[in-house]
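These notes concern the structure reproduced below.
The values are calculated or read from the model by the stated rules, or taken from the named source; none is laboratory data. All values derive from a computational prediction rather than experimental measurement. Don't worry about glycine lacking a Cβ; one is built from the backbone with ideal geometry, like all the others, and counts go over all protein chains shown.
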Amino acid sequence: MHEKITTSKQIENAAEEFIRNFFSYYRKLPNDKIINEIDNDKIENLRKIGIPIQGRAIDTVVNEMVEDIYQYGNNVNHPRYLGFIPGPASMLSWLGDVMTSAFNRHAGSWVSCPAASCIEQELIGWLCDQAGFTEKSGGLFVSGGSMANLTAMTVARDKILSEETQHLGVAYVSEQTHSSVAKGLRIIGIPDSRIRRIPVDSYFKMDTDHLTCSIQKDIDEGLAPFIVIASAGTTNTGSIDPFEKISSICQRYGMWMHVDGAFGASVLLTKTHKNLLKGIELSDSISWDAHKWLFQTYACGMILVKNRENLMNSFHVQPEYLKDLGAVQDSFNPWEMGIELTRPARGLKLWFTLQVMGSDAIGAAIEHGFQLAEWAEDELKKNKEIEIVSPAQMAIVNFRYSPRNMTEHQKDELNQQISKKMLDSGYAGIFTTEINGKKVLRICAIHPDTTEVDIRNTVRLLNRYFEELVSFQRTE
Ligand SMILES: Cc1ncc(COP(=O)(O)O)c(C=O)c1O
């Protein structure tokens, strides 16, 4: 309808102008601040825009969106954004995303989008191969790790528990498991009182002796243990749980083994570090985010399941109004394998990226993250006031400025302030987390364009802020 007011030529011109502006922004990004703060007045002005009764000129609105909306926030794509799990999306993924949005195919069913469905299925098959899953396996592109975990846990519940035992189901995670898992468990009817948080060892890996004891105790009490969620790269430290031991425990007790590889499963595409995930092929399902370490724009995650029949058992529906879109032989409707009906072909941008880069180049880009964290650790170790809390693993290193004359509480404050100073400087995104009850600084470095100089300068700048804060406190 808006075509009557705004012609398609005007939209085309606005799109061209937008793309020129966007590339200019993207080229300048490495010199931009890590976070572009927005003040309250600007927020107030946005609130006041309201919804007009008469439409406004397209150029004005595009300009407002670029200048007043997208401009602000965390530049998660910046090479020195080293917080949380960064989102270093490749421009190839961006283009793949734009193409997918432009054609706006309904990729919920094979019939409505056969070529894209075929590509998504082939890509899922290739990813299953990388994980060591066999030909019975399958999966789906979903919006991210939280949805992948939720999908897997739903399948596990339906496979292992019966209607009679669902209210007794118990799930096992480690103290370091991502919070989306407990959220997903709540959604599928497993309350906090039936989630066991198994302690971790000094390497932040799930302690399997504790796991066995906990499962046995629950069985003795008449409960129904049904799933263990292991991690391939925990969010805090990048630790990898002992898959082989967890798998044999799951087999002994007839339980489902899920691996949350939202962050770390991408390591399967490397030549040098793939062996870290040995045993992942023993799991029943794997979550894997492409919008993390596979350099895709949001929202692109995968759920892989060893036996795709299990996905169908949980999600298959065939209402009368979808019969015209029914299954074609030897193909699968994505809507019958997951939660969503209407969905974009999320996998196409990853396929496009892989086609243009090739899997070797993606693997090498992932390996770069390991090197970045090692450079960081090397530079950190030069300062004797720094305690390495978890050494470089899976592109993550945790550390804490820990001067001897300070209490633990003062050190917590100090490290928080160092992070704040760095964020205020705009140079690098260094945030905090808590490990063993202590506030620590954390580097997660997965951007392919981050350099050794970026990393070493970031640590040197942190050292400078530390010195400034400590000498300020001394003179107070
Ligand atoms: C290990 C792990 N699992 C799950 C998630 C949730 O993924 P998403 O944010 O894509 O929903 C994250 C996010 O950082 C994560 O690190």
### helices (runs of 4 or more DSSP H) enclosed by the stretch 347-426 - at least 2 residues per element that are farther than 18 Å from Thr272 by Cβ and of a type in the set (Phe, Trp, Tyr)
347-357
## Note on the structure
For the stretch 116-141, the count of residues that are in contact (Cβ under 8 Å) with a residue 40 or more places away in the chain and assigned to a loop (DSSP other than H, G, I, E, B) equals 5
### Message
Based on this model, can you work out whether Arg105 counts as more than 18 Å from Ser283 (Cβ to Cβ), among the basic types (Lys, Arg) and touching a residue at least 60 places away in the same chain (Cβ under 8 Å)?
### Response
yes
## Note on the structure
Quick count over the stretch 431-470, residues being more than 14 Å from Glu377 (Cα to Cα), assigned to a helix (DSSP H, G or I) and touching a residue at least 40 places away in the same chain (Cβ under 8 Å), is 5
### Task
Would you check if there is a residue in the stretch 32-47 being touching a residue at least 40 places away in the same chain (Cβ under 8 Å), touching a Lys or Arg at 6+ places or on another chain (Cβ under 8 Å) and within 30 Å of Thr235 (Cα to Cα)?
yes
### Task
Sort out which residues of the stretch 450-476 are at pLDDT below 95 and crowded, with 20+ Cβ neighbours inside 10 Å, and write them in order of number.
none
### Message
Take Ala299 and tell me if it is in the same structural domain as Gln121 (by TED's automatic domain parsing), of a type outside the set (Asp, Glu) and assigned to a loop (DSSP other than H, G, I, E, B).
### Response
yes
### Task
Give the number of residues within the stretch 16-45 that are under 30 Å from the mean Cα position of the chain (by Cα) and farther than 28 Å from Met422 by Cα.
4
### Message
Need the failing condition index for Arg56 against (1) of a type in the set (D, E, K, R); (2) under 26 Å from Ser425 (Cα atoms); (3) assigned to a loop (DSSP other than H, G, I, E, B), just the number.
### Response
(2)
### Residue ID - nearest to Gln216 (Cα to Cα), chosen from residues in the stretch 142-171 that are more than 16 Å from the ligand (Cβ to nearest atom) and not in a helix (DSSP H, G or I)
Val170
